[in-house]
Amino acid sequence: ANLNVGLHIGISLDADIPHDLIVSGSKDRSVKVWNMKNPSATAVLTCHGHSACVNCVAVRENIAASASDDCSFRVWDIVTV
């Protein structure tokens, strides 16, 4: 799939292929969830909460986790996607 993640600059990516989801973290301090079944669309979910760039993300089933330069990690419930 060809995802339009060009606006999410400095990204870190992880994917949960059985659920067709990709999670990205960015220098803009957000975490975004993308649906590979609809690759031309914008992110289906944007999570805010970090105060510095997100440099690591992971996704398993309906849970995403992110780590940031603000020395924190967050766990996101993405079941609404």
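The values are calculated or read from the model by the stated rules, or taken from the named source; none is laboratory data. What you see is a predicted model; the values in this text were computed from it and never measured. Every residue, glycine among them, receives a Cβ derived from its backbone with ideal geometry; neighbour counts consider all protein chains shown. Just so you know, the surface numbers come from the protein's heavy atoms only, side chains and all, with ligands and any DNA or RNA stripped out. Shrake-Rupley method; radii C 1.70, N 1.55, O 1.52, S 1.80 Å.
Among the residues of the range 16-33, which ones are closer than 27 Å to Asp70 by Cα and either surrounded by fewer than 17 Cβ atoms within 10 Å (Cβ to Cβ) or at pLDDT 85 or above (or both)? Quick ask: steps written out before the conclusion?
To start, the set of residues in the range 16-33 that are closer than 27 Å to Asp70 by Cα comprises 16, 21-33.
Across the range 16-33, the qualifying residues are Val23, Ser24, Gly25, Ser26, Lys27, Asp28, Arg29, Ser30, Val31, Lys32, Val33.
Filter the range 65-81 down to the residues that are of a type in the set (Ser, Thr, Tyr) and open to solvent by less than 60 Å² (accessible area, probe 1.4 Å), then identify the one that is farthest from the chain's Cα centre (by Cα). Break it down stepwise before answering.
Just the residues of the range 65-81 that are of a type in the set (Ser, Thr, Tyr), to begin with: 66, 68, 72, 80.
If we keep only those that are open to solvent by less than 60 Å² (accessible area, probe 1.4 Å) as well, we get 66, 68, 72.
Values: Ser66: 8, Ser68: 12, Ser72: 16 Å.
That would be Ser72.
Mind listing whichever residues of the range 43-64 are over 13 Å from Leu21 (Cβ atoms), open to solvent by 40 Å² or more (accessible area, probe 1.4 Å) and either among the aliphatic types (A, V, I, L, M) or part of a strand (DSSP E or B) (or both)?
Result: Thr46, His48, Asn55, Cys56.
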